[in-house]
1. Considering each residue of the range 46-80, count those that are surrounded by 14 or more Cβ atoms within 10 Å (Cβ to Cβ) and of a type in the set (Lys, Arg), and give that number.
2. Can you name every residue in the range 21-42 that is outside any loop (DSSP other than H, G, I, E, B) and over 19 Å from Ser184 (Cβ atoms)?
3. Anything in the range 35-45 that is in contact with a Pro (Cβ under 7 Å, 6 or more places away or on another chain) and open to solvent by 10 Å² or more (accessible area, probe 1.4 Å)? List them, or say none.
4. Kindly indicate whether any position in the range 58-71 is touching a residue at least 12 places away in the same chain (Cβ under 8 Å), hydrophobic (A, V, I, L, M, F, W, C) and in a loop (DSSP other than H, G, I, E, B).
5. Tell me, which residue of the range 67-100 that is touching a His at 6+ places or on another chain (Cβ under 8 Å) and of a type in the set (S, T, N, Q) is nearest to Val40 (Cα to Cα)?
Amino acid sequence: MLEALKEEVYLANMQLVEKKLIINTWGNVSGIDREKGLFVIKPSGVEYSELKPSDLPVVDLDGKVVEGSLRPSSDTPTHLCLYREFPEIGGITHTHSLYATSFAQSGHGIEAYGTTHADYFPAGVPITRKLTDREIEGEYEYNTGIVIAEAIRKYGADRMRAALVNSHGPFTWGKNAAESVDVSYVLEVIAQMAFNTELLVSANAFRQTDKIQQKLLWRHFDRKHGPNAYYGQKKK
């Protein structure tokens, strides 16, 4: 079942290792077949060196495993929530990458300081609110998806393709599994740039730093992602 999607999601998971976004088993990627209403996700706690496409469980949009003998990622309910909330999402990545997670643990989003950020995100990458005690004690992982949805809804998941879960780490998404990993990689680099920018300012190397001008941010974002985008080559 969904052998092509399993291969795609397997390769996307292996990119987390290649791009050095994870250590141990600290991450997962999923991809969805919207027509069938099924998604494929990394199994929980399986070492990447041992992972095979056939190991990936298939899950329906009710959260039921319909194929596979291995338990799916413990973050599966978060992926499920985002797939339900945003039909435009085709793939999701979660990591504990160093700089993006550092921002998440600080309880602060990643401000947009320059055009590198603006090439990928239309505003600062948002931080979610903290979960309530009831949300933590209840369906914790699904409720994690709910706070992500709250944080990005005003932008739309097709424009704001990342969020930092407060005290936890980053989630990213895209039109497929591979794109969600690409966004995760870009997010980590942007987080490092923002960290260094703020470090320079805090060390009094400069008097202050300003966020990027709004018009410049939107111009850079829209030239790649807007209705009249002109970055790159025309698709044949």
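The values are calculated or read from the model by the stated rules, or taken from the named source; none is laboratory data. Note that this is a predicted model, so its numbers are computed, not measured. We place every Cβ from the backbone using ideal geometry, glycine too, and count neighbours over all the protein chains shown. Please note that ligands, DNA and RNA were not included when accessible areas were found on the heavy atoms of the full protein model with its side chains. Shrake-Rupley method; radii C 1.70, N 1.55, O 1.52, S 1.80 Å.
1. 0
2. The first filter runs over the range 21-42 and keeps only residues outside any loop (DSSP other than H, G, I, E, B), leaving 27-33, 38-41.
Asp33, Leu38 - these are the residues of the range 21-42 that are outside any loop (DSSP other than H, G, I, E, B) and over 19 Å from Ser184 (Cβ atoms).
3. Answer for the range 35-45, where residues must be in contact with a Pro (Cβ under 7 Å, 6 or more places away or on another chain) and open to solvent by 10 Å² or more (accessible area, probe 1.4 Å): just Ser44.
4. Yes, the conditions are met somewhere in the range 58-71.
5. Ser73
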